[in-house]
1. Find all pairs meeting these conditions: Cβ atoms under 9 angstrom apart; at least six residues apart or on different chains; first residue within region 21-33 and at negative phi; second residue basic (Lys, Arg) and surrounded by 15 or more Cβ atoms within 10 Å (Cβ to Cβ).
2. State whether the residues of region 116-130 include one that is over 20 Å from Gly155 (Cα atoms) and not acidic (Asp, Glu).
3. Name the residues in region 232-266 that are outside any helix (DSSP H, G or I) and open to solvent by 60 Å² or more (accessible area, probe 1.4 Å), would you?
4. Looking at (1) crowded, with 24+ Cβ neighbours inside 10 Å; (2) assigned to a helix (DSSP H, G or I), find the lone condition where Ala171 falls short.
5. Among the residues in region 100-116, are any open to solvent by less than 60 Å² (accessible area, probe 1.4 Å) and at positive phi?
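The values are calculated or read from the model by the stated rules, or taken from the named source; none is laboratory data. As the structure is a prediction and not an experimental result, all values here were calculated from the model. Backbone-built Cβ (ideal geometry, glycine too); neighbour counts: all protein chains shown. Keep in mind that these areas ignore ligands, DNA and RNA; they rest on the heavy atoms of the full protein, side chains included. Shrake-Rupley method; radii C 1.70, N 1.55, O 1.52, S 1.80 Å.
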Amino acid sequence: MSRAAAWRVLERVRASSVRTVRALWGSSHPGPTLVVTVLALALGIATGLEAWRIALLTAAVFAGQLSVGISNDALDAARDREVGRTDKPLARGDVTLGVAWAAAWGLLALALILSAPLGWRMLAAHALTLGSAWAYNAGLKSTAWSIVPFLVSFGVFPSLATLSAADPTFAPGWAWIAGGALGAAVHLTNVLPDLDDDARTGVRGLPHRLGPRASAVIAALAVAGGAIAVLLGAAGGDLAAVSAVSWVFFGAVVVVAAVTAWRAIARPPTRTLFRLVMLAALLLAAQLVASGSALAG
């Protein structure tokens, strides 16, 4: 083979690899993947972890979230094609299901391998959060119990940082409550833009059964409840000890949650409702990060 021919072969391989990586990234739900990864990084920093522990924690969570997103789209590929989801790389056929499943399983294994040096408690907790998320993808999403994986995975999530410390401990109870509230809000609103497509293909999780208005109101109440848990828990119940930053985040969460509930009741459901709840959820996550020193005890 001539040098020119060999170069053309290498160029085709490179172009094919780039297309595959792009398709897998597009199938990984990049937005939520990055948000959860940044939240893990922020919690690691806030709890005072050493640099190498923060790096491993962040990489492990990133790999795990990639596996969750890709497996979700792999399981939904046929359904996405049926409803014409041209925004989904697997539904378009940009990459084969075989490649997608190999990537999902490989990334799941990588997430657990990266967690192992942080201790068996962190490994077990991360395995639980990922197993719960995969269970949702595999079928729980179509049942009335669809919210359970989000309560479990997000409830455990703050403990991934505290269990990664040299002296591992579980996050306090109020952090579990806040994490669960965050997970509930994410689930109840994340599916709102896709309710019609889901109904056409037989997916009827809890938000589908409740309807968009009730789901949005409950999500707003959950976020507000999580904000109260963080405010009181981080200060040990002493409101006088609450920092100004904590009050600012708490106030922002409550205001956005109240606006969301009002819009859900007074106006027809729109994408604005979804964006408002997600904003409240992000503010709650920021409030949780701001309480990092209390998380670490």
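1. Going by the 9 Å Cβ cut-off, the qualifying pairs are Ala23/Arg92; Gly26/Lys88; Ser27/Lys88.
2. yes
3. Selection gives Gly236, Asp238.
4. Failed condition: (2).
5. no
For every residue, the table says whether it meets (1) open to solvent by less than 20 Å² (accessible area, probe 1.4 Å); (2) among the hydrophobic types (A, V, I, L, M, F, W, C); (3) in a helix (DSSP H, G or I); (4) at pLDDT 95 or above.
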| position | (1), (2), (3), (4) |
| --- | --- |
| Ala124 | no, yes, yes, yes |
| Thr129 | yes, no, yes, yes |
| Lys141 | no, no, yes, no |
| Val156 | yes, yes, yes, yes |
| Leu160 | yes, yes, yes, yes |
| Ala165 | no, yes, no, yes |
| Ala185 | yes, yes, yes, no |
| Leu188 | yes, yes, yes, no |
| Asp197 | no, no, yes, no |
